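Enquirer: So that we are looking at the same thing, I have put the structure below in structure tokens.
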Amino acid sequence: MVSLTAGDFMATTTTSAEFTLPERYHTDRRGPGRFVFSHALRRWYAILMLLGGSLGNAALAAAIPGLIGQAFNAVSASPAQLDVLRRMALLVGTFHLVRVTLQFLRNFGAEWIAQSIERDVRDELYSNLLGKSMTFHSLQSVGDTMARATNDVREVNFLFSPGLNMVIGSLSFLFMPLIVAPSYHPALILTPLIFTVLYFISLAFYLRALRPVTERVRGAFGALNSRLSEALDGIETVKGSAQENEEVDIFRQNASAYRDAAVRQGDIEARFVPFLLFGIAAAFGLLHAMLLFRQGEINAGQVIGYFSLLMLLDFPTFTSLWAYSQISLGLASARRILDLMNQETDLDQNAGGYSGPMRGEIEFRDVTFAYPDGDEAALCDLNFTIRPGQTVAIVGQTGVGKTSLIRLINRTYDVTQGSVLVDGVDVRDWNLEALRRSISIIEQDVFLFSRSISDNIAFGKPGAASEEVKAAARAAQADEFIRSFKDGYETVIGERGVTLSGGQRQRLALARAFLTDPNILILDDSTSAIDSATEDGIQRAIFTAARGRTTLLITHRLSQIRWADLIIVLRQGKIAAIGRHEDLLESSEAYRKIFRE
């Protein structure tokens, strides 16, 4: 037995993920705003482009009304000052051309930030999801996860473009009248000043009312997507039980909830107060300018220029109706993404853990295990040792904890009490990747990807030679049916292997396991869907594969149980008996009962 101390290998990582990719840069996950802007700050050059283009565009837009006012005065003069008119026209035209360039820089910078952040958030979220333990994935809805990984990430994109792009642009236009209006007359700052103050007050109330509604919109969409995913994933069960109408009704209810939340958002947007404020400001500003004109304080061109300057407030008023809604939706989506990423998982990759060669010895010491959401322990006080190279059958009635037991060996789950050791090393002290690469599990519910048969067999050993793949398929008695397909090993199968029979899927899973040449091979009722004619061949393949490696069989087939070196009988999560077939038939009533039933 190998005994280890902390000095024998590097300290385990403190991260809560069992799989991690090296971070290209650190992101702040303490809040949605911090999260998105920690991504954005990496594109500081694009932010400068956005800010520079926005401020420059607004400054030129604020200067143009003054030029138009001067042109009006030049035309109204007697005689007309045509040289001034031509100069003003040239300046207005030049300013507009420069504005087009600055608007392009603003939009380009915002779009660059938005698309880059969408890509990086997708990378970060995907890596984070792969790092979550099975405990997390068992409790998390696949449909809701997909909604967050697709639509919510897209909403973060929209937060920057058009959302933040329009907000920064509109704020630039909002403050320009405050800066330029006093150049016409100091008193004319009054209207834009009052408008700006009331604008921000009304905007604060608007955003406060909008935030919970946008979160309900995103939540309702997640629920809608979650139920749809479940229905499609279980379509055979739905159709087999003739429950199509019931599923349609549930989908309609979820769609109605999403619609109601979206309508509520629209209702809040429809009562947007700044529209009314803008109309009042335009009327009051014009009246104020006309009074100053009658008093001889300003001329007619300045009245025109000032009123045109006030019209710049139309842009922040109009864009804030939907731009802030887009930002609120983006932040709600970022919050949902963070909720997913920040959920802790009990397992870690332990990159500095033990990674020596594996012999295949397995020992359970006082092991008790309960699922996170379970009321009772699935396994209680298990103690046994499996020597390297032994073939062990684990038997018992349905629900006694056989599958739970094998999931502790490769740390799909961690024990609640006690310890599981492989080669004398607690599995929690192993480097997780090294541990799992040396263990192959074939479960009854085989998962195959929407790829070619060759790619599915070589999934655990990317880059495997074609002959290696074919040899593994022959060993699993799969070569014959594979060659019967038109494209042979390049045949693309449907998701989860739905285009194959149960027996064919399990033989491909066996081939995948044989190709990786694991030190520990675990078969969880993996021949249950194989017919009797095929069983003999696969039985020989398993017997050959078991030589030189530790093999665990969960099976009800007597033909497989009989040749096991050791049989562990489970009853109600505890070991009821342990020994060889002949001995257990004589000494264990629990073992005999399995075969009587």
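Enquirer: Would you please name the residue that is farthest from residue 543 (Cα to Cα), looking only at residues in region 452-479 that are in contact with an Asp or Glu (Cβ under 7 Å, 6 or more places away or on another chain) and open to solvent by less than 40 Å² (accessible area, probe 1.4 Å)?
Expert: Of everything passing the filter in region 452-479, 452 is farthest from residue 543 (Cα to Cα).
Enquirer: Out of all the residues in region 229-249, is one or more open to solvent by less than 80 Å² (accessible area, probe 1.4 Å), within 30 Å of residue 170 (Cβ to Cβ) and either under 37 Å from the mean Cα position of the chain (by Cα) or not acidic (Asp, Glu) (or both)?
Expert: No, there is no match, as no residue in region 229-249 is open to solvent by less than 80 Å² (accessible area, probe 1.4 Å), within 30 Å of residue 170 (Cβ to Cβ) and either under 37 Å from the mean Cα position of the chain (by Cα) or not acidic (Asp, Glu) (or both).
Enquirer: Let me ask something additional. Only one residue in 242, 220, 257, 231 is in a loop (DSSP other than H, G, I, E, B) and farther than 26 Å from residue 317 by Cβ. Which one?
Expert: 242
Enquirer: Oh, and also: Looking at region 299-315, is at least one residue assigned to a loop (DSSP other than H, G, I, E, B) and either within 30 Å of residue 187 (Cβ to Cβ) or free of Cβ contacts under 8 Å to residues at least 60 places away in the same chain (or both)? Even if it seems obvious, please write down each step before you answer.
Expert: Initially, region 299-315 is screened for residues assigned to a loop (DSSP other than H, G, I, E, B), giving 299.
Still in the running and either within 30 Å of residue 187 (Cβ to Cβ) or free of Cβ contacts under 8 Å to residues at least 60 places away in the same chain (or both): 299.
Yes, there is a match, as at least one residue in region 299-315 is assigned to a loop (DSSP other than H, G, I, E, B) and either within 30 Å of residue 187 (Cβ to Cβ) or free of Cβ contacts under 8 Å to residues at least 60 places away in the same chain (or both).
Enquirer: If you don't mind, there's one more thing I want to ask. Those residues that are at pLDDT 90 or above and β-branched (Val, Ile, Thr), I need them from region 265-304; list them, please.
Expert: Across region 265-304, the qualifying residues are 280, 298, 303, 304.
Enquirer: How many residues are surrounded by 15 or more Cβ atoms within 10 Å (Cβ to Cβ) and closer than 19 Å to residue 273 by Cα when one looks only at region 176-202?
Expert: 8
Enquirer: Quick check: anything in region 360-374 open to solvent by 10 Å² or more (accessible area, probe 1.4 Å), at pLDDT 85 or above, over 30 Å from residue 199 (Cα atoms) and in a loop (DSSP other than H, G, I, E, B)?
Expert: Yes; the residues of region 360-374 include at least one that is open to solvent by 10 Å² or more (accessible area, probe 1.4 Å), at pLDDT 85 or above, over 30 Å from residue 199 (Cα atoms) and in a loop (DSSP other than H, G, I, E, B).
Enquirer: Could you give every pair whose Cβ atoms fall below 7 Å, whose first residue belongs to region 170-185 and is within 14 Å of residue 303 (Cβ to Cβ), and whose second residue is surrounded by fewer than 17 Cβ atoms within 10 Å (Cβ to Cβ), counting only separations of at least 6 or pairs across chains?
Expert: 185/297
Enquirer: Just one of (1) part of a loop (DSSP other than H, G, I, E, B); (2) in contact with a helix residue (DSSP H, G or I) (Cβ under 9 Å, 6 or more places away or on another chain) trips up residue 435, so point out which.
Expert: Tallying (1) part of a loop (DSSP other than H, G, I, E, B); (2) in contact with a helix residue (DSSP H, G or I) (Cβ under 9 Å, 6 or more places away or on another chain), residue 435 fails exactly one: (1).
Enquirer: Just name the residue that is most open to solvent (accessible area, probe 1.4 Å) out of those in region 483-503 that are in a helix (DSSP H, G or I) and more than 25 Å from residue 549 (Cβ to Cβ).
Expert: Per the criteria, the residue is 483.
Enquirer: Same structure again: What residue, among those in region 564-578 that are open to solvent by 10 Å² or more (accessible area, probe 1.4 Å) and out of contact with any helix residue (DSSP H, G or I) (no Cβ under 7 Å at 6 or more places or on another chain), is farthest from residue 397 (Cα to Cα)?
Expert: 565
Enquirer: Given the options 464, 472, name the one that is of a type in the set (A, V, I, L, M) and not in a helix (DSSP H, G or I).
Expert: Result: 464 is the single residue among 464, 472 that is of a type in the set (A, V, I, L, M) and not in a helix (DSSP H, G or I).
Enquirer: For residue 406, are the conditions met, namely being under 32 Å from the mean Cα position of the chain (by Cα), among the aliphatic types (A, V, I, L, M) and not in a loop (DSSP other than H, G, I, E, B)?
Expert: Values: under 32 Å from the mean Cα position of the chain (by Cα): yes; among the aliphatic types (A, V, I, L, M): yes; not in a loop (DSSP other than H, G, I, E, B): yes.
Judged against the criteria, residue 406 is a match.
Enquirer: Between a first residue in region 261-278 that is aromatic (Phe, Trp, Tyr) and a second residue that is open to solvent by 30 Å² or more (accessible area, probe 1.4 Å), which pairs have beta carbons less than 7 Å apart while being 6 or more apart in sequence or on different chains?
Expert: 272/321; 278/314
Enquirer: Also: Suppose we filter 398, 403, 385 for residues that are free of Cβ contacts under 8 Å to residues at least 12 places away in the same chain, open to solvent by 10 Å² or more (accessible area, probe 1.4 Å) and under 25 Å from residue 579 (Cα atoms); which single one remains?
Expert: Selected residue: 398, the only one of 398, 403, 385 that is free of Cβ contacts under 8 Å to residues at least 12 places away in the same chain, open to solvent by 10 Å² or more (accessible area, probe 1.4 Å) and under 25 Å from residue 579 (Cα atoms).
Enquirer: Still on this model: Residue 164 passes all but one of (1) under 30 Å from residue 340 (Cβ atoms); (2) not in a helix (DSSP H, G or I); which number fails?
Expert: (2)
Enquirer: Are there helices (runs of 4 or more DSSP H) fully within region 56-160 with at least 1 residues that are open to solvent by 20 Å² or more (accessible area, probe 1.4 Å), out of contact with any helix residue (DSSP H, G or I) (no Cβ under 8 Å at 6 or more places or on another chain) and at pLDDT below 90? List them.
Expert: So the answer is 82-131, 134-139.
The values are calculated or read from the model by the stated rules, or taken from the named source; none is laboratory data. From a predicted model like this one, the values you see are computed outputs, not experimental measurements. As a convention, Cβ positions derive from the backbone with ideal geometry for all residues, glycine included, and neighbour counts pool all protein chains shown. Surface accessibility is based on the protein's heavy atoms, side chains included, excluding ligands, DNA and RNA. Shrake-Rupley method; radii C 1.70, N 1.55, O 1.52, S 1.80 Å.
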